[in-house]
Amino acid sequence: MSHDAPVLVLGLGRFGAATAGQLERQHREVLVVDTDAGLVQKWSDRVTHAVQADATDIDALRQIGAQDFAIAVVAVGSHLESSVLITSNLVDLGIPQIWAKAVSRSHGTILSRIGANHVVYPEREAGERTAHLVSGRMLDFIEFDDDFAVVKMFPPRAVRGKDLATTVIRTRHGLTVLGIKSPGKAFVPATPDSVIGEDDVIIVSGTETDLERFAALE
């Protein structure tokens, strides 16, 4: 599948609109579909194509050529029945990659069972990310599978003014410093000789538990 294949986005709520907007900024061909004529009109000059249609009707999807897409995003999450029907329709149309928004774990389980390849929990993920950031030291937090995460953060006082070999962050804290950014400069890859300055920002990877402990250091 081409990395720049056209994308079908179904639903123009906040999640769908954000997805379509970002794809457009990446110069991807996008077809957005919604039942709301006003939203469709609003987006008609923002993306490649915008169509008013009921995606719960498989015949309506066929008429707009949904079956020709390799990637589809089901952005209708708050209406569970519609979400399930749309996802089922896309599976029946043979779309290879289906991304679907879920509002709960049970909703996500249903979407996976009927054929969604990727289930996204935007509200839950945003809430978890915010919980990590309110500690104050973390500036950004990205969690991956198996409790692994990458964090952008202010370094604890204990490691400032020292090179990475001296701080032994990897052996003492189980973390890897990936990059360092000094004020007014770009991020640079970290090496054992890299010194963490007083006002630097660092990017660190490791388990969520180890990162939380490291961020809590004075």
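The values are calculated or read from the model by the stated rules, or taken from the named source; none is laboratory data. In this text, all values refer to a predicted model and were calculated from it rather than measured experimentally. Please note: Cβ atoms are built from the backbone with ideal geometry, for glycine as well, and neighbour counts cover all protein chains shown. Keep in mind that these areas ignore ligands, DNA and RNA; they rest on the heavy atoms of the full protein, side chains included. Shrake-Rupley method; radii C 1.70, N 1.55, O 1.52, S 1.80 Å.
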Query raised in the report: Across the stretch 54-74, which residue is farthest from residue 92 (Cα to Cα) among those that are out of contact with any Gly (no Cβ under 7 Å at 6 or more places or on another chain), open to solvent by 30 Å² or more (accessible area, probe 1.4 Å) and in a helix (DSSP H, G or I)?
Result: 63
Query raised in the report: Which of the residues belonging to the stretch 80-103 are open to solvent by less than 60 Å² (accessible area, probe 1.4 Å), not small (Gly, Ala, Ser) and not in a helix (DSSP H, G or I)?
Result: 93, 95, 97, 98, 101
**Report entry** Breaking point among (1) more than 30 Å from residue 144 (Cα to Cα); (2) touching an Asp or Glu at 6+ places or on another chain (Cβ under 9 Å), for residue 37
**Finding:** (2)
Query raised in the report: So which helices (runs of 4 or more DSSP H) are wholly in the stretch 138-218 and hold at least 1 residues that are open to solvent by 60 Å² or more (accessible area, probe 1.4 Å), without any contact (Cβ under 8 Å) to a residue 24 or more places away in the chain and over 30 Å from residue 124 (Cβ atoms)?
Result: 164-167, 169-173
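Restricting to the stretch 24-69, name every residue that is at positive phi and either at pLDDT 95 or above or hydrophobic (A, V, I, L, M, F, W, C) (or both).
Matches in the stretch 24-69: 65 only.
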Query raised in the report: If residue 77 passes every condition in (1) assigned to a strand (DSSP E or B); (2) within 11 Å of residue 11 (Cβ to Cβ); (3) not acidic (Asp, Glu) but one, which one does it miss?
Result: (1)
Report task. Taking residue 113 as meeting all but one of (1) surrounded by fewer than 16 Cβ atoms within 10 Å (Cβ to Cβ); (2) within 23 Å of residue 181 (Cα to Cα); (3) at pLDDT 75 or above, write down the number of the exception. Result -> (2)
Report task. Could you give me the residue pairs with C-beta distances under 7 Å whose first residue belongs to the stretch 32-43 and is in a helix (DSSP H, G or I), whose second residue is open to solvent by 50 Å² or more (accessible area, probe 1.4 Å) wherever it lies, and which are 6+ apart or on separate chains? Result -> 37/52; 40/52
